[in-house]
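Just below is one structure, and these are the notes that go with it.
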Amino acid sequence: MIHIIEGLGEAEQQPLLDAMFEARKRLFVNLLDWDLETVDGRLEIDRFDDAFATYVIVTDNARRHLASLRLLPSTRQHLLGSMFERLCRDGVPTGPEIFEITRLCLPPTEPKTERRRLRDGLIHAMVAHGLEHGIRQFTGVVTARFRERILAMGWDGEALGPAIDMGGGRLGAFRVTIDEATPALLVANEILPLADRSEATS
C-alpha cells in the first residue's frame, strides 16, 4: 500500500511515521554512517520533519514500512536551499509549485529488483500527488551517478549545475518538471507504478 501523510500526521499515523523514522536511522546513520541527528537513539528526525513536510510511504498489508521519501516545499527551508546552494549554477529554484525530494529510504537487505520496484512505485505516487496538488517541479540533491539515472527515467529533467565533490562524494542537483504526460513517459521507460491503491492522509 502507498500512504501519503502531510504534516505531522494524526494519532493513528504515528506508528507508521515512527517506523519510517526508524528505517531512516538504520539506513542513513547505521549503514551509511551519515552524521545526522537522532531522537532517543532510535529515530532519524531533522529540522525539516515539520508540519510542512509530506511523506510518501510504501507498506505491506500489515502496514509495515517498506520504503519512503520526503517532500519539502521550496518556499521554506529545505536542503538544497539551506546547504547545497552552490550545486545550482543559476540559483536554487523556488516557488509554490516546486518541492524538494529528500530522504529516499529503500530497504538495503532486499534484492536489487525489489528495491527498484519500491523506488519506482514511490516515484509514481510522488508524481500523482504532485499533479493532484499543483506541484509542477521537483528538485533534489543526489550522487552524480544516481543523478544520471534520474535524468534518464523519461521525464523532463535537467541538471542544475555540475557535480561537485562535497567531501563525502560527488553530488549534483537536479530538477524534473511534471505534467499529465509524465506517468506514461515513466512507464515507457520501465519505471512502473505499484499495483496497490493509494491511501491519502492529511
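The values are calculated or read from the model by the stated rules, or taken from the named source; none is laboratory data. Note that the structure is predicted; figures quoted are calculated from it, not measured. Neighbour counts are summed over all protein chains in view; Cβ atoms, including those assigned to glycine, are modelled from backbone coordinates with ideal geometry.
Out of D33, D46, D18, D50, which single residue is closer than 27 Å to L194 by Cα, out of contact with any helix residue (DSSP H, G or I) (no Cβ under 7 Å at 6 or more places or on another chain) and charged (D, E, K, R)?
Being closer than 27 Å to L194 by Cα, out of contact with any helix residue (DSSP H, G or I) (no Cβ under 7 Å at 6 or more places or on another chain) and charged (D, E, K, R) holds for just one of D33, D46, D18, D50, which is D18.
Out of everything in the range 34-82 that is of a type in the set (F, W, Y) and outside any strand (DSSP E or B), what residue ends up being nearest to the chain's Cα centre (by Cα)? It would help to see each step written out before you state the result.
Just the residues of the range 34-82 that are of a type in the set (F, W, Y), to begin with: 34, 48, 52, 55.
From what is left, the residues that are outside any strand (DSSP E or B) are 34, 48, 52.
Numbers: W34: 17, F48: 13, F52: 14 Å.
So the residue we want is F48.
Please specify each residue of the range 93-130 satisfying the condition of being touching a residue at least 40 places away in the same chain (Cβ under 8 Å), touching a helix residue (DSSP H, G or I) at 6+ places or on another chain (Cβ under 9 Å) and aliphatic (A, V, I, L, M).
L106, I123, V127, A128
Please work out if G140 is under 21 Å from I4 (Cβ atoms), in contact (Cβ under 8 Å) with a residue 40 or more places away in the chain and not basic (K, R). Let's see the steps before the verdict.
Numbers: under 21 Å from I4 (Cβ atoms): yes; in contact (Cβ under 8 Å) with a residue 40 or more places away in the chain: yes; not basic (K, R): yes.
Criteria met by G140.
Which of the following residues is more than 20 Å from Y55 (Cα to Cα), modelled with pLDDT of 95 or more and of a type in the set (G, A, S): G169, G157, G121? It would help to see each step written out before you state the result.
Values: G169 fails: modelled with pLDDT of 95 or more; G121 fails: more than 20 Å from Y55 (Cα to Cα).
One residue alone meets the criteria, G157.
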